[in-house]
1. Tally time: how many residues in the stretch 103-114 are in contact with a strand residue (DSSP E or B) (Cβ under 8 Å, 6 or more places away or on another chain) and buried (at least 20 other Cβ atoms within 10 Å of the Cβ)?
2. Among the candidates 98, 63, single out the residue that is crowded, with 18+ Cβ neighbours inside 10 Å and either within 20 Å of residue 149 (Cβ to Cβ) or in contact (Cβ under 8 Å) with a residue 60 or more places away in the chain (or both).
3. Taking the stretch 142-163 as the region of interest, how many residues are part of a loop (DSSP other than H, G, I, E, B), at pLDDT 95 or above and surrounded by fewer than 19 Cβ atoms within 10 Å (Cβ to Cβ)?
4. Counting only residues that are in contact (Cβ under 8 Å) with a residue 60 or more places away in the chain, part of a helix (DSSP H, G or I) and under 11 Å from residue 66 (Cα atoms), how many does the stretch 7-42 have?
5. Quick one: residue 52 ticks every box in (1) in contact (Cβ under 8 Å) with a residue 12 or more places away in the chain; (2) over 23 Å from residue 40 (Cα atoms); (3) not in a loop (DSSP other than H, G, I, E, B) except a single one, so which number is it?
6. Return yes or no: is residue 114 assigned to a strand (DSSP E or B) and within 26 Å of residue 163 (Cβ to Cβ)?
7. Within the stretch 66-74, is there a residue that is assigned to a loop (DSSP other than H, G, I, E, B), modelled with pLDDT of 95 or more and under 15 Å from the mean Cα position of the chain (by Cα)?
8. Restricting the stretch 126-141 to residues that are part of a loop (DSSP other than H, G, I, E, B) and in contact (Cβ under 8 Å) with a residue 60 or more places away in the chain, which is surrounded by the most Cβ atoms within 10 Å (Cβ to Cβ)?
């Protein structure tokens, strides 16, 4: 059994209007929400073996804040440029390349693709992945390359304003 946590980046800043979308940092709420959501995972006794992220600044920073709560090193982030504004195929490809030893992976990316991808995984549908939301599934697979075609079971959906 392997598990995938699909995580939208935390709230980003629009303070610098001239800044490129790719380079936008997190705002204060985003910097608070990411550790809060990581702690919720820890409370659920979820461990993460690999952190895969879009290379956009806000996604990388969200992943780094999660890693910090899990007592890891931000150098552990597997940067995947293809996850920036990605469609479902890019998610499947990133997951297929996850470390073989990982049982649970977290994939950090962006809307609208992340919502579209989450809605492809199971019969559970969501209208919108809010910032820092987590959509989690499990699959009875041995290798990550099997994930795309495997039957997936909905595990949970959580987001900062849910509690």
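The values are calculated or read from the model by the stated rules, or taken from the named source; none is laboratory data. Every value quoted in this text rests on a predicted model; they were computed, and no experiment measured them. Counting neighbours? That spans all protein chains shown, and the Cβs are built from the backbone with ideal geometry, glycine included.
1. Selection size over the stretch 103-114: 7.
2. That would be 98, the only listed residue that is crowded, with 18+ Cβ neighbours inside 10 Å and either within 20 Å of residue 149 (Cβ to Cβ) or in contact (Cβ under 8 Å) with a residue 60 or more places away in the chain (or both).
3. 6
4. Residues in the stretch 7-42 being in contact (Cβ under 8 Å) with a residue 60 or more places away in the chain, part of a helix (DSSP H, G or I) and under 11 Å from residue 66 (Cα atoms): 6 in total.
5. (2)
6. No: the conditions fail for residue 114.
7. no
8. 132
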